[in-house]
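The values are calculated or read from the model by the stated rules, or taken from the named source; none is laboratory data. Not measured: the values here are computed from a predicted model. In this analysis, Cβ positions are derived from the backbone assuming ideal geometry, glycine residues included, and neighbour counts consider all displayed protein chains. SASA here: full protein model, heavy atoms, side chains in, ligands and nucleic acids out. Shrake-Rupley method; radii C 1.70, N 1.55, O 1.52, S 1.80 Å.
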Amino acid sequence: MTSYVWIHHWHPGRVATVPFETVLAQYLEYWDEKAHNRYHVPYFPNLTVGWDSSPRTVQSDIWDPALGYPFTPVITGNTPEAFRKACETFKARLPLRGSPAMITVNAWNEWTEGSMLEPSADFGSGYLEAIRTVFRNPRSTNLTADTYKENTP
């Protein structure tokens, strides 16, 4: 079992924006109190890059959470640095929760929901670098495109 994105575990009422760290803290509570203790199947925690479903709205509409999706809060402060810290938190927590050593990530290219690992004009490859920095196996060979070319006939 896993989750799609953290915002679905956050219930802010009429708040239009919420800081990344606040939604992360709420998700960690969900992981501990519900996912880990309530269900009797393995839980694969979900790292979230961010969330902003406002591109899926008619931009002239008035934002009203009572309307439901896509009128959901926007996660702010979701920088590669904040994401890297979340990666570190998850890496440290996995062995403590008895979860299998696997994490899902939302998402590669969810541009209309503001959740994308894919390189962007704003952050370059920052989110991918965060994953590599935290989860890289120091014993593995770190091949780059250049070293691949050098070692390929």
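So for the chain, what percent of the C-alpha to C-alpha distances run longer than 26 Å?
Numbers: 3927 of 11628 pairs.
Beyond 26 Å sits 34 percent of the P(r) for the chain.
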**Study point:** Solvent exposure of the chain as accessible area per residue, Å², 1.4 Å probe
**Key:** 59
Exercise for review: Any chance you could give the angle, 0 to 90 degrees and rounded to 10, that helix 20-30 forms with the longest Cα principal axis of the chain?
Suggested key: 90
Review point. Share of region 1-103's accessible area from carbon and sulfur, percent, 1.4 Å?
Key: 58
Exercise for review: Hey, can you grab everything whose amide H is under 5 Å from the amide H of T2? Only 5+ residues off in sequence or another chain; H modelled, so Pro and N-termini drop out.
Suggested key: F44
Exercise for review: Using DSSP to define loop residues, name the chymotrypsin sites (Phe, Trp or Tyr not before Pro) in region 1-77 whose beta-carbon has at most 12 other beta-carbon atoms within 10 Å.
Suggested key: Y39
Exercise for review: Starting from the Cα-Cα distance between R14 and F44, subtract it from 0.36 nm times their residue separation and give me the gain in nm to one decimal.
Suggested key: 7.8 nm
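Could you pull out the longest piece of the chain with no exposed loop trypsin sites (Lys or Arg not before Pro) in it, calling a site exposed if DSSP puts it outside H, G, I, E, B and it has at most 12 other Cβ atoms within 10 Å?
Working: sites that count: R14, R136, R139.
Result for the longest clean stretch: 15-135.
In deg cm²/dmol, rounded to 500, what helix-only [θ] at 222 nm does the chain give when every DSSP H run of at least 4 residues adds -39500 (n - 2.57) and the total is split over its residues?
Numbers: 4 runs with 45 residues, N = 153.
Result for the chain, helices only: -9000 deg cm²/dmol.
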Exercise for review: Just the number, please: Stokes-Einstein D of region 1-81 in µm²/s, Kirkwood Rh from C-alpha pairs, 37 °C, 0.692 mPa s.
Suggested key: 240
Point to revise | In degrees, nearest ten, helix 80-97 long axis to first principal axis of the chain (Cα) | key: 80
Point to revise | Karplus-derived 3J(HN,Hα), 6.51/-1.76/1.60, for each residue of region 62-69, Hz, glycine and proline x | key: 7, 5, 9, x, 5, 6, x, 4
Review point. Among V49, V41, V105, which one moves the most in a GNM of the chain with springs linking Cα atoms closer than 10 Å?
Key: V41
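Dipole of the chain, Cα-centred, from +1 at each Lys and Arg C-beta and -1 at each Asp and Glu C-beta, to the nearest 20 debye?
Details: 13 positive and 16 negative charges, 124 e Å.
Rounded to the nearest 20 debye, it is 600 debye.
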